[in-house]
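FYI, it's all coordinate maths here, none of it is from the lab. Just so we're clear, the structure is a prediction, and the values are computed from it rather than from any experiment. Note that we place each Cβ from the backbone using ideal geometry, even for glycine, and neighbour counts take in every protein chain shown.
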Amino acid sequence: MSKKTSGGRARKKKKQALALLSSNRLAEAANLFEQVCQTAPGDVESWIYLVKIYARLNQPAHVERCCRAIISLLPDSDDAYYNLGCALMMQQQHTVAIDAFRQAVHLNPGHAMALFHLGKLLHLLNDTDEALACYREASRLLPALAEAHSGIGDILENQGQIPMAMDAYRKALRINPGLIEANIGLGLVLAHLGEFEKAQQHAERAIQTDSNNEDAIALAANIANRTGDTETALKLLHPFIKAGSNHINIAIAFSGACREHGCTDEAIAMMERILASSQPLSLASQFSLHFELGKCYDRQGSYEKAFPHYRQGNELKPASFDLQLHNREIEAIITTCSPGFMASAPRASIHSDRPLFVVGMVRSGTSLVEQILASHATVHGAGELPDIIRMALSLQNTLGSKQHYPQCLSELTQDMIDTLTRNYLDHLQQIAPNATRVVDKMPGNFAHLGLIELLFPDARIIHCKRDPVDTCLSAYFQDFSQSHPYSYNLTSLGAFYNQYLKIMEHWKKVLQIPVLEVQYEELVSDQEGVSRRLVEFCGLEWDDHCLQFHKTRRHVATASYDQVRRPLYTQSAGRWKHYEKFLAPLLNALNRN
């Protein structure tokens, strides 16, 4: 057969294929285009039509084959590399897909969708810095790409940059109000902040868009768990559990609901199955599973099984804590806030006894103390306010000083102190306009008690203490996301605790502000005695509601939200002894003090 004849037949088949395509007879059109490409393999247009058809037919292997044919003919085709990346991504070939998307961006730096999908895969594989850069560039090139803004929100939320994450999610939802991932992301943040009604609204929007979306169902279930409605959580989750779901968020929400319903073994089996499976899991998913499994085994008394999961969860976290830098920072605060400085430094001329600062190591009982006080009719529990730490971090810029904090404290004038004091008190007024006392229970404020005394000389400080090993172990067992990086490692935990003791001993020598020490173990063994002492220290009349703190309905955003909903129990005292064989690094670090 002559080339002229075969070429004519190819053109005739191509015309027929286009007619079939216009009639949406995709499989028949693909068959004819395949014949055309076999006869005329250099017909790029036919290969491109095949890519589009197989994409619509959800046949990524065929898309991949056709894209490779196009690339052999047009090696500089950014769209061919982009489509190849999409096909590989659909086949779970993530590393090769990344290479394809990179090549598409190399050929066309303005290819917004290639940048977005590159960011998506890098995010999945835990390269969050480059993923964030890709998302941001994609959103700059294509501002209406809501998914890119949502991806930015996901990464910022995981980094603990909550206000910026919320802005990104809201930008995505302004573009596409029904975008499932943005509704879920914003819902998660709002739930963490205790705004459960708003979080529930976003969960419901996501479920309305896709009633089978497991992330949306898990969000709604977790909100139910956090508000104490575990029965609703189980009802939401049951169809997915029954269907054999392997979705991580369903598993974790299920585990959270199981504590009160006797199905923890089932939750453990589900989470262990997910970990053992070949499905790709993000780094965050992996350590979430390990921490949740550790929690479940611990509650069952299976300590030999619990600790390895806690250890793996911590080891998966990025090691970002610089102990030497932290030691220098503590030493600088001690040196700057010397007895002489604290005796002579100006105090605020604005007097207020509204602020109550509850400080101490994390997991030392700060949430419990706050809940007891917040049960009093005249006290508002404001949670962990970031104000003091933000003041400290921004003080150099506020003063226009050449010195960093804490050295720049010596440059504080009376006017500047009064301005800082007024700003903080205005914030308390916005939070709780009718409260006599407002509790700020940011534990890490223990490092800034010198600044607190200068700003609030009439305030009171409650210092929560707990057995050092129990405190550190409880921190190690807690999934703090991106915060408290010292807690990821037993040695750095012990060293951090020693520095905490060091600065608290310093404050005892130099502070004039009243400080009450509350020992966790004494509180749980003599609840009424210690509670009365707390209320008296705050200058308040006794309120019997303080003994029924677990009945007080208020938001607790910290890891202790479940504890403060229950009457006091003593099981946490001496808990570390169950794990003593694993704790040599921690015990050695603590003993160095």
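Remarks
- Residues that are surrounded by 14 or more Cβ atoms within 10 Å (Cβ to Cβ) and either without any contact (Cβ under 8 Å) to a residue 24 or more places away in the chain or part of a helix (DSSP H, G or I) (or both) within region 507-521 comprise 507, 510, 520, 521, listed in sequence order.
- For region 69-94, filtered to residues that are in contact (Cβ under 8 Å) with a residue 12 or more places away in the chain and out of contact with any helix residue (DSSP H, G or I) (no Cβ under 7 Å at 6 or more places or on another chain), the residue that is surrounded by the fewest Cβ atoms within 10 Å (Cβ to Cβ) is 92.
- Region 574-593, subset of a type in the set (D, E, K, R) and under 19 Å from residue 305 (Cα atoms), residue nearest to the chain's Cα centre (by Cα): 575
- Any hit, region 530-541, residues being in contact with a Pro (Cβ under 9 Å, 6 or more places away or on another chain) and closer than 25 Å to residue 345 by Cα: no
- A count restricted to region 155-185 and to residues that are surrounded by fewer than 24 Cβ atoms within 10 Å (Cβ to Cβ) and under 19 Å from residue 207 (Cβ atoms) stands at 7.
- Single condition residue 212 does not satisfy, out of (1) touching a Phe, Trp or Tyr at 6+ places or on another chain (Cβ under 9 Å); (2) in a helix (DSSP H, G or I): (2)
- Applying the criterion of at least 3 residues that are of a type in the set (A, V, I, L, M, F, W, C), closer than 30 Å to residue 447 by Cα and under 23 Å from the mean Cα position of the chain (by Cα) to the helices (runs of 4 or more DSSP H) found wholly in region 270-352 leaves 283-299.
- Criterion: buried (at least 18 other Cβ atoms within 10 Å of the Cβ) and touching a residue at least 12 places away in the same chain (Cβ under 8 Å) - qualifying residue of 26, 32: 32
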